[in-house]
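The values are calculated or read from the model by the stated rules, or taken from the named source; none is laboratory data. Keep in mind that this is a model prediction, so the values were computed, not measured. So basically every Cβ, Gly included, is an ideal-geometry build from the backbone, and we count neighbours across all protein chains shown.
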Amino acid sequence: MSPKTGTQKSAKSTTAINKKSKGFTDEERAAMKERAQELKAEARRGTRADGESDVLAKIAEMQGPDRTMAERIHGIVTTSAPALSPKTWYGMPAYAKDGKVVCFFQGAQKFKERYATLGFTGEANLDEGAMWPTSFALKELTAAEEARIGALVKKAVSED
């Protein structure tokens, strides 16, 4: 074997040195910190009543249309799927089955978006062929949207 001669280039790309990483936004970092606090709180207690009071407190912190939608969605979810347990998830109202989040509401103001979001995780039974939606943009709630949300939540927790 011959000894290595010369110098080796660094494994890091030279273009990466001059680029500044954007990383997480302040809102994303805050959400991650909230999630860490939620996990600690869940380990200490874990009752449905505690989760519901946490969700209602988060909803009360919201402003304007976000609060109105979150209150209405909370009512729809708890009526349509009483088996789901309210809890917070990354600082957002969420609803879980067997400790796993099935659906959540994200207000528009949380991440400075132009619309709120109703989202479903992989735990939701919404499969429809090879492709189906897992989140929905919400600008307002009419009777039609409320009925659709109720149907989606029922389907999300169904066993078929």
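Taken residue by residue, the stretch 60-75 has at least one member that is more than 24 Å from E27 (Cβ to Cβ) and either hydrophobic (A, V, I, L, M, F, W, C) or modelled with pLDDT of 95 or more (or both). Of all residue pairs spaced 6 or more apart or on separate chains, those with beta-carbon atoms under 6 Å, a first member in the stretch 38-54 that is at pLDDT 70 or above and a second member that is surrounded by 10 or more Cβ atoms within 10 Å (Cβ to Cβ) and not in a helix (DSSP H, G or I) are E38/T88; G51/S85; G51/P86; G51/K87; E52/P86; D54/T88.
Select from the stretch 73-93 the residues that are part of a helix (DSSP H, G or I) and surrounded by fewer than 16 Cβ atoms within 10 Å (Cβ to Cβ) and list them in ascending order. Selection gives G75, T79. Residue check: K112 meets all listed conditions (1) in a loop (DSSP other than H, G, I, E, B); (2) under 17 Å from the mean Cα position of the chain (by Cα); (3) on the phi < 0 side of the Ramachandran plot but one, namely (3). Across the stretch 10-37, which residue is nearest to the chain's Cα centre (by Cα) among those that are among the small types (G, A, S) and modelled with pLDDT of 70 or more? Top of the filtered list is A31.
Note on the stretch 111-139: among residues that are among the charged types (D, E, K, R), without any contact (Cβ under 8 Å) to a residue 24 or more places away in the chain and closer than 18 Å to A151 by Cα, the one that is surrounded by the most Cβ atoms within 10 Å (Cβ to Cβ) is D127.
Please determine, by comparing only the residues of the stretch 140-160 that are among the acidic types (D, E) and assigned to a helix (DSSP H, G or I), which one is surrounded by the fewest Cβ atoms within 10 Å (Cβ to Cβ). Walk me through how you get there before you give the answer.
Looking only at the stretch 140-160, we keep the residues that are among the acidic types (D, E), and these are 140, 145-146, 159-160.
The next check asks that each one be assigned to a helix (DSSP H, G or I); those that pass are 145-146.
Working: E145: 18, E146: 15.
Top of the filtered list is E146.
Close contacts from the stretch 73-96, counting a first residue that is within 15 Å of L138 (Cβ to Cβ) and a second that is buried (at least 20 other Cβ atoms within 10 Å of the Cβ) and of a type in the set (S, T, Y), with Cβ to Cβ under 6 Å and a gap of 6+ residues or different chains, come to V77/Y95.
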